[in-house]
């Protein structure tokens, strides 16, 4: 057992840290989930790409550094520690790309991955529908065979940053006769194609982070089918665990939030407004972030030893999403009467980031598969309990 | 970076697991409840065959000279079967403390006769022939005090560490919610003959021993939590109501999963404390407190959730669950409360209040 990084990895950390120090905007960018902020975030993504840091763990031919999982974790730690902008390319990089690496043709990989990493093309997910959320396989949007491709019709919803992205990826029903999980196919759709209508939806936190996407006879060429026709459920699920597990929310993100919480505590204590309850909550949040980090170090060791890490990632997702909520609750408790001040209030502490962050944290137990679904997955696939009725 | 045990370490764990599975069943533990010593006849001897009593003892005392990483694995196995033997007190705390105190006394060129007694006590303890009890916080009950051949005790007045023979101890035995535990309130007179180590050196070694106790109890509690979660899973698969296994109901599943998550997140925290102690990390104390908090809470959570999903059968002494719950509660009150360890973490992280 050795819980220290090798000198080479620490040298990589130093390089990343120096680059971030020199390049992260000193004033935080406006939220990437607004039209203005999105454009600025895309500019930032391009600089990150040019420096080689957009997708450190990808092979070099697609714009990555071919870095190990350890270095990916180090990069993430440094990225969030530096307070760098949120990744508006995240859904493409963390959700679509792993599926492309596993099921994509060489042509698809060559055409899509580099452009995704450089933010030339930005991606939104098309999973949920008005009547298919947790029961995703109940989706009704359909695709019909036409010459040279497919025509897609239906309605998708809760598409993160869908109002600003260029393209989307998701499941559509290609065989209406087949049983629920069969007869689905994984498509990639151009939002600029005729027949696509995108309606922005304002989120709880006030940003236009969601969109509804209406599709009416939208042509998608065969080249944009990912994996085999009618095999979409398997294709989508093969990498779904990576979303919940390691990649979507690396420990560095929460460790950085915990460090900022500690800093807030120190400032509030200096003002004489931090009591023993707040002090305890701060330490607990930090400890949980540490526990998640240690659990991740263990998981990565297992992965490098060739073990398959599948359904256990659901357990991670429950843990980090609930930890994020309690961490922000601790911050609001510390802020006391100032907690309600939002980003536009002049007197808001830290630019109102804590209330904003709290609201975003509340989405965690809902997105990427609700925590109820994740608990079902752990019960059935990790513990071997019988499926519900 | 590598967060895994070596093949050799896993072999030690495997040997323990196999032996304990056969010789420390729920029936054995249940029988220990009403036995004179609260222990399983012959089990200490079997642990001795595996070298467990002297796991942390140096080679000169014919110990295995292994470290906290191996200890973490062995204690988790002991916890999994609720071993009612002094594996935390004697194996994880007293033996390494005595060895370190002897080394420190040798460096300070202490009195030869007292040291010779201490060396003999360590050899006997490492060989599993003599039992060491340990009481580092004056006034708190000392487990196994009534059975111990020697007790390592801290003098309240001076903070010095003494090695006190049984004959010099008065033990007022108490009963614990876990009847295999025999905590005793001890009274004794410190004198020159029992003095092992005084001054700052004693304080430092005792602090490290308390850290080891916090970590070791956490490792044991992780094993207990694992046992309770498994018991809950097995029960929920076979117990039927409304015509189906109760384990198919979401309300039941989610309770078990909550216990499972607390357990899975606690285990790496405990292992990190093991690594920290074994490799002498400067933050080892902090890591032990974190291990203790997560370990206690994982086991308490498991006790609570798994009792609930069992319903009334879990609330009897005819079924095994109570054995693991009661050990959980008793170990939650030893080696520092969760709140006390939280405060240690708070001081390390946030400075003085």
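Below is a table of values for the structure above.
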read-out	value
Translational diffusion coefficient (Stokes-Einstein; Kirkwood radius from C-alpha pairs) of region B:177-217 at 20 °C, 1.002 mPa s, in µm²/s	165 µm²/s
Fraction of beta bridges assigned by DSSP in the protein assembly as shown that are antiparallel (%, nearest 5)	85 percent
10 Å binning of all Cα-Cα separations within region B:241-351, expressed as whole percents from 0 upward	14, 35, 29, 15, 6, 1
5 Å-binned pair-distance histogram of region A:240-382 (Cα, whole percent)	2, 10, 18, 19, 17, 12, 9, 6, 4, 1, 0
Added length on full extension, which subtracts the Cα-Cα distance from 0.36 nm per residue, residue A:175 to residue A:39	45.1 nm
Share of Cα-Cα pairs in region B:1-145 lying beyond 20 Å, as whole percent	51 percent
Mean-position separation - Cα centroids, region B:199-230 and region B:235-298, in angstrom	16 Å
Cβ-derived FRET efficiency at R0 30 Å, residue A:333 paired with residue B:207, nearest 0.05	0.40
0 to 90° range, to nearest 10: angle between helix B:321-333 axis and chain B longest Cα axis	40 degrees
Largest-first principal axis extents, alpha carbons of chain A, Å	70, 49, 46
Sequence-separation-based contact order of chain B, relative, with Cα cut under 8 Å and 6+ spacing, percent	16 percent
Using a Förster distance of 45 Å, the FRET efficiency for residue B:352-residue B:65 (Cβ separation, nearest 0.05)	0.70
More than 18 Å apart - percent of Cα-Cα pairs taken over region A:123-233	44 percent
Where labels lie 7 Å past Cα in the beta-carbon direction, separation of residue A:134 and residue A:305 in nm	3.5 nm
Nearest-ten-degree value, helix B:199-238 long axis tilted from longest Cα axis of chain B	20 degrees
At q = 0.21 Å⁻¹, base-10 log of I(q)/I(0) for region A:7-88 (Debye sum, equal scatterers on each alpha carbon)	-0.98
Region B:1-128, relative contact order [Cα under 8 Å, separation at least 6], %	31 percent
Rounded to 5, the percent of DSSP beta bridges in chain B classed as antiparallel	80 percent
Over region B:202-253 - Rg/Rh using Cα atoms and the Kirkwood inverse-distance radius	1.41
Three semi-axes of the equivalent ellipsoid, the protein assembly as shown, Cα gyration tensor, whole Å, largest first	54, 29, 23
At R0 = 30 Å, FRET efficiency that the Cβ-Cβ distance of residue B:140 and residue B:239 yields, to 0.05	0.15
Largest-first ellipsoid semi-axes for region B:8-79, taking √(5λ) over the Cα gyration tensor eigenvalues, angstrom	23, 14, 9
Expected 222 nm ellipticity per residue - DSSP helices of 4 or more, -39500 (n - 2.57), all of chain B, to 500	-18500 deg cm²/dmol
Dimensionless Rg ratio for region B:42-91, taking C-alpha atoms and the 2.2 N^0.38 Å reference	1.07
Chain B: radius of gyration over Cα atoms, expressed as a fraction of 2.2 N^0.38 Å	0.99
Burial ordering of B:317, A:26, A:299, B:180, fewest other beta-carbon atoms within 10 Å first	A:26, B:317, A:299, B:180
Acute angle (nearest 10 degrees) that the helix B:338-350 long axis makes with the longest principal axis of chain B, alpha-carbon atoms	70 degrees
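Computed from the coordinates by the stated procedures, all read-outs in this text should not be read as laboratory data. None of the values given here were measured: they were computed from a predicted structure. Cβ: placed from backbone, ideal geometry, glycine included. Neighbour counts: every protein chain shown.
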